[in-house]
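The values are calculated or read from the model by the stated rules, or taken from the named source; none is laboratory data. Owing to the predicted nature of the structure, the values given are computational and were not obtained by experimental measurement. Note that each Cβ is placed from the backbone with ideal geometry, even for glycine, and that neighbours are counted across all protein chains shown.
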Amino acid sequence: MTTRSFSRRMLTIASMAAISLSLVMTVGLALANDLHQDTGENGISWDDTGFPPGAGDCDNVKPGEVLWHFVHTGTDGSDLPSELTAEFANAGTQKADGYSNGGGNAIVQYNIITGEDSLLSASDDIENDGHLNLSHICVGEEEESVAESVEQSVAESEAESEAESVPESGEQSVEAGTGTPEESTPDGALFGNGASPLPTIAFSLILLASLGGLAYANVKSVRS
């Protein structure tokens, strides 16, 4: 092998290595825009109050859904198409295409929908000096709505039950009060609070017999 052939081969290998390194660096730069916020050891939870939504941001979120809204600062429609890759504790790897409202002049944004989950990491393929931020988290209100509906139904049922039980108790009290005199009236009214009539009759007979005997004695005395 001549020195010239060896030099050409080494030059070819060096060129291929440089191209490979360039591709690796290009890919690395393309994915260099990681999530700007620190997710911590356990990630960002779906109920973290540090990412409140604005008015109207959650209007289209369905019950049971969690919407994660990302923005990439320093971008506009000219940076599209773009893609976000996010890792969640339960949902795993999720991807979303970027979009830009306002005729392409607005910032690039991403939406990912999961259930109750924790965001572990995120990055997109836009290369610039801006930051990829988690803007806000929207949570569907299914559980609270159901709880309020159940509480309202229970309250209405209790109110109806109380309203129905009051008249019935009043009627029963009136009937009980009117029934008692009817049972005790006959004996008390005719014979003095329920006393037996036999002693009265016997006394009357004895009185009549005594008066009869007295009258007979008087008549006999007059004749004598």
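Overview of values
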{"read-out": "Lone unmet requirement of (1) touching a Leu at 6+ places or on another chain (Cβ under 6 Å); (2) modelled with pLDDT of 95 or more for residue 33", "value": "(2)"}
{"read-out": "From the options 188, 179, residue that is among the small types (Gly, Ala, Ser), surrounded by 10 or more Cβ atoms within 10 Å (Cβ to Cβ), assigned to a helix (DSSP H, G or I) and modelled with pLDDT under 55", "value": "188"}
{"read-out": "Residue match in region 70-91 (condition: in contact (Cβ under 8 Å) with a residue 40 or more places away in the chain, at positive phi, in a loop (DSSP other than H, G, I, E, B) and of a type outside the set (Lys, Arg))", "value": "yes"}
{"read-out": "Residue tally, condition touching a helix residue (DSSP H, G or I) at 6+ places or on another chain (Cβ under 9 Å), surrounded by fewer than 14 Cβ atoms within 10 Å (Cβ to Cβ) and either on the phi < 0 side of the Ramachandran plot or assigned to a strand (DSSP E or B) (or both), over region 102-126", "value": "1"}
